[in-house]
Amino acid sequence: MAELVAVPNGGPAPDYGGGLTFSVVMSCLVAASGGLIFGYDIGISGGVSEMEPFLKRFFPHVLKRMAEAKKGDSYCIYDSQALAAFTSSLYVAGLVASLVASRVTRALGRQAVMLMGGAFFFAGAALTGAAVNISMLIIGRMLLGLGVGFTNQATPLFLAEMAPPRWRGALTCGIQFFLTLGILIANIINYFTARVSWGWRVSLGLAGAPAVVILAGALFLTDTPSSLMMRGQADRARSVLLRARGGLSEGMDAELKEISRTVKAALESEDGAFRRMTTRRGYRPYLVFAVALPVFTQLTGVIVLSFFSPLVFRTVGFGSDAALMGAIILGAVNMASLLVSTLVIDRYGRKVLFMIGGAQMVICQVAIAWIMGTQLGKSSGESAMARPYAVAVLVFTCLHSAGFGVSWGPLFWVVPSEIFPVDIRSLGQAINMAICLGLDFVQTQSFLAMLCRFRYATFAYYAAWVAVMTAFVALLLPETKGVPLESMPMVWTQHWFWKRFVVQDEGKRADAET
């Protein structure tokens, strides 16, 4: 029989067993490699935006402003809506793709969506690498956005549904690992390609490499048992689960039976997934976290620092090569912190990491705001920053990134992929990614202007949000460590706040059925 494990808030939940079989590990590694697509783009955008040959061809007004920086405003060197659009246009397309991908994922499965995402990203990489005008550049970026939207919608679902419950956190962290690896690789490539006039073409064109990785890998994947069951392929679902769990066992039979039960209940529901999620009282916690988690993740400030770290480092006084090297150091620190998170996430749980990372990010953002305010100048940005203070900005940026790497970075992928019931899982992940990519657009389009106008207070603004969201998680997020996906509703019925919604809704439905 399946064993019982304690749900973090009290009460038993079944443990279906299942170790790290070769099939699970390889499937999850291939799926998680989809994070390379997003990571490479994050890393490559900021570095290319800082390369003078690229700016000379597409954004000459920024080069002129850089030349006048000594007698102008250091905060406003890169304040260009056209330059911001180069980065942000990807996320408009990604937002649209995420919403479309919800229906495609439900109808065709996780594997098909990952293949589509890889194909779009490859096409976008080819077009941006060959761009001769801004129109080609922006269209290519939008194709890249379609690739990001499709892969980021399907990959977390695949990982959460394939992984055994006790290893789900670590395996789902694989997305953030490959995303961070993509950032690091992109920063290293930028460092070397910045030395030649056509290097920006190499940086942008090499985005096709991670696209080939996910395309080739996805061809060898099979869909998840939950996805197959949702599409009426019960025999294939059993075969996939049998291979993933390493052989026939009572635990596997119990897991398959529970998947079948939850899928059947979802298919028999009269309401559509969107109507169910937005109108039913019992689905209130899912709706809140589908919105809150991506909003708060964006408000950590890490995304814009990842995109624009070379530009920020140039702002505080580093030269071009030093700024790009700073971005490489930042990526390496992020990788190291993520490895720590992967090792402890399934041992200590999600909430502890949220608390530790949140506190660290607040301290670092306040320190950056203070240094930039006192050393670069509060109003005009004309004061030159001494090298020790510029290095201190780099150090605190790295520590901030490390705090994100052990908490919100991986947990942004882990928590949404495991909290939604199967009937709204695709929709929940689509909402999560659509909001994330939509805010990516807003922030990447506005950050350079925000830095120009808010100056050092930009970083204090992000620090305040991190404090708010850390308190939110401490009070309202239940611990989900080790809980099977099919038993996840139990953690909500036992939570001090959410039980009033979930339990009452279940009681009303039971009365209606009677």
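The values are calculated or read from the model by the stated rules, or taken from the named source; none is laboratory data. Source: prediction; values computed, not measured. For neighbour counting, all protein chains shown are included, and Cβ atoms are generated from backbone atoms with ideal geometry for every residue, glycine included. Each accessible area value is taken on the protein alone, full model and side chains, heavy atoms only, with ligands, DNA and RNA left out. Shrake-Rupley method; radii C 1.70, N 1.55, O 1.52, S 1.80 Å.
Show the residue pairs that are 6+ apart or on different chains and have beta-carbon atoms under 6 Å apart, the first residue being within the range 321-335 and assigned to a helix (DSSP H, G or I), the second being at pLDDT below 80 and open to solvent by 40 Å² or more (accessible area, probe 1.4 Å).
Going by the 6 Å Cβ cut-off, the qualifying pairs are A323/R314.
How many residues does the range 230-242 hold that are part of a helix (DSSP H, G or I) and basic (K, R)?
Residues in the range 230-242 being part of a helix (DSSP H, G or I) and basic (K, R): 2 in total.
Can you tell me which residue among A126, A131 is of a type outside the set (S, T, Y) and open to solvent by 10 Å² or more (accessible area, probe 1.4 Å)?
Answer to the selection: A126.
Mind listing whichever residues of the range 427-462 are within 18 Å of S227 (Cα to Cα) and open to solvent by 10 Å² or more (accessible area, probe 1.4 Å)?
Selection gives L427 alone.
Would you mind stating whether L63 is farther than 26 Å from S401 by Cα and either at pLDDT 75 or above or touching a helix residue (DSSP H, G or I) at 6+ places or on another chain (Cβ under 8 Å) (or both)?
yes
If W492 satisfies all but one of (1) of a type outside the set (V, I, T); (2) at pLDDT 85 or above; (3) more than 25 Å from W167 (Cα to Cα), what's the number of the condition it fails?
(3)
Would you mind finding the one in M136, M116 that is buried (at least 21 other Cβ atoms within 10 Å of the Cβ), in a helix (DSSP H, G or I) and at pLDDT 85 or above?
Just one listed residue meets the conditions, M116.
Do we have I183 as at pLDDT 85 or above and under 30 Å from F313 (Cβ atoms) here?
No, not satisfied.
Return the pairs, sorted by first residue and then second, in which the second residue is open to solvent by 40 Å² or more (accessible area, probe 1.4 Å) and at pLDDT 70 or above, the first residue lies in the range 245-271 and is under 14 Å from V422 (Cα atoms) and of a type in the set (A, V, I, L, M, F, W, C), the beta carbons are less than 8 Å apart, and the residues are 6+ apart or on different chains.
These pairs meet every condition: L256/R238.
Is the range 144-166 home to any residue that is in contact (Cβ under 8 Å) with a residue 12 or more places away in the chain and not in a helix (DSSP H, G or I)?
Yes; the residues of the range 144-166 include at least one that is in contact (Cβ under 8 Å) with a residue 12 or more places away in the chain and not in a helix (DSSP H, G or I).
Answer yes or no: is there a residue in the range 217-229 that is assigned to a helix (DSSP H, G or I), open to solvent by 50 Å² or more (accessible area, probe 1.4 Å), out of contact with any Pro (no Cβ under 8 Å at 6 or more places or on another chain) and of a type outside the set (S, T, Y).
No; the residues of the range 217-229 include none that is assigned to a helix (DSSP H, G or I), open to solvent by 50 Å² or more (accessible area, probe 1.4 Å), out of contact with any Pro (no Cβ under 8 Å at 6 or more places or on another chain) and of a type outside the set (S, T, Y).
Tally up the residues in the range 230-256 that are loosely packed, with under 14 Cβ neighbours inside 10 Å and modelled with pLDDT of 80 or more, please.
Matching residues across the range 230-256 total 2.
For the range 280-301, does any single residue satisfy the condition of being modelled with pLDDT of 85 or more, part of a loop (DSSP other than H, G, I, E, B) and open to solvent by 50 Å² or more (accessible area, probe 1.4 Å)?
Yes, the range 280-301 contains at least one residue that is modelled with pLDDT of 85 or more, part of a loop (DSSP other than H, G, I, E, B) and open to solvent by 50 Å² or more (accessible area, probe 1.4 Å).
Could you please find all residues in the range 188-207 being closer than 18 Å to F59 by Cα, of a type in the set (A, V, I, L, M, F, W, C) and part of a helix (DSSP H, G or I)?
W200, L204
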